[in-house]
Amino acid sequence: MNAAHLHLLFTHFPLVGFGIALLVNIYGMFRKNPEIIKLNFWLYILVGISALAAYLTGNGAEEIMKTYPGVTEDITELHEHFALVFLIGALLTACVSLYGLYLSTRKESNLKKINTITLVLAVIVCFFALETATTGGNIRHSEIQSGPYHEMKK
């Protein structure tokens, strides 16, 4: 198993996990169940950790991918920039979730506020998660390339 394999292994969980956490976040808002909200916080923490693992394996994967024809620095740089913003957003959401778990041990009435904050953060971060996935897919999947990403490869 090489660095590219590891990167692919680690990249899928933060993307899918973030979507699942977002859905649990919305469900927790409607149900107002403290246990669901706490579960949501744990999911965001796991996603933040897995996003860090994905980001840390990116450079090794990039070095391997640059040896393939048609893979340029422009394409990998764009992916790397979106990945960094996604990582920062995922870690920020994880930190807010950790704070929410801490507050839940003191006063559960704070859960609704923190859950709302994580929802707003998650919606914003979701955009960067999708862009990270799209730009990553564009590196080797020519069948999904279009627009500015397709032009960069020419």
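The values are calculated or read from the model by the stated rules, or taken from the named source; none is laboratory data. Everything numeric in this text was worked out from a predicted model, so none of it was measured. Heads up, the Cβs are rebuilt from the backbone with ideal geometry, glycines too, and the neighbour counts pull from every protein chain shown. We work out accessible area using only protein heavy atoms, side chains counted, and drop any ligands, DNA or RNA first. Shrake-Rupley method; radii C 1.70, N 1.55, O 1.52, S 1.80 Å.
Miscellaneous remarks
- Heavy-atom accessible area ranking, 1.4 Å probe, most first, across LEU43, LEU98, LEU87: LEU98, LEU43, LEU87
- Cα gyration tensor, region 26-94 - rounded (a/c under 1.5), prolate or oblate: prolate
- MET65, MET29, reordered so the largest accessible area comes first (probe 1.4 Å): MET29, MET65
- Measuring only protein heavy atoms, the 1.4 Å probe finds VAL125 accessible over about 10 Å².
- Charged-residue dipole, Cβ positions (Lys, Arg, Asp, Glu), the chain about Cα centre, Debye nearest 20: 860 debye
- With all protein chains modelled, accessible area of SER104 [1.4 Å, Å²]: 20 Å²
- Spin-label zone in region 34-62 - amide nitrogen under 16 Å from a point set 7 Å from the Cα of MET1 along the C-beta vector: 50-51, 53-58, 60-61
- Pairs of Lys residues in the chain, spaced 8 or more positions apart or belonging to different chains, with C-alpha separations under 25 angstrom: 8 in total.
- Rounded Å value of the spacing that divides the Cα centres of region 3-20 and region 48-82: 13 Å
- Largest GNM mean-square fluctuation among THR76, THR118, THR105, using the chain with Cα springs under 10 Å: THR105.
- Helical segments meeting 18 Å axial Cα length and Kyte-Doolittle 1.0 threshold in the chain (DSSP H): 3-31, 34-56, 73-104, 111-140
- Residue-span extension gain [ILE117 to ASN33] - 0.36 nm each, minus C-alpha spacing: 28.6 nm
- Simple spin-label estimate for ILE124 and GLU77 in nanometres, 7 Å along Cα-Cβ: 2.7 nm
- Using a Förster distance of 41 Å, the FRET efficiency for TYR102-GLU63 (Cβ separation, nearest 0.05): 0.55
- Given [x] 14.9, 45; [y] 21.9, 82; [z] 17.4, 57, the label whose value is Rg and Dmax of the Cα atoms in Å derived from this model: [z]
- Evaluated with a Cβ-only charge set (Lys, Arg +1; Asp, Glu -1), region 58-138 carries a dipole of roughly 780 debye about its Cα centre, given to the nearest 20.
- Computed from the C-beta positions of LEU56 and SER109 and an R0 of 41 Å, the FRET efficiency is 0.65 to the nearest 0.05.
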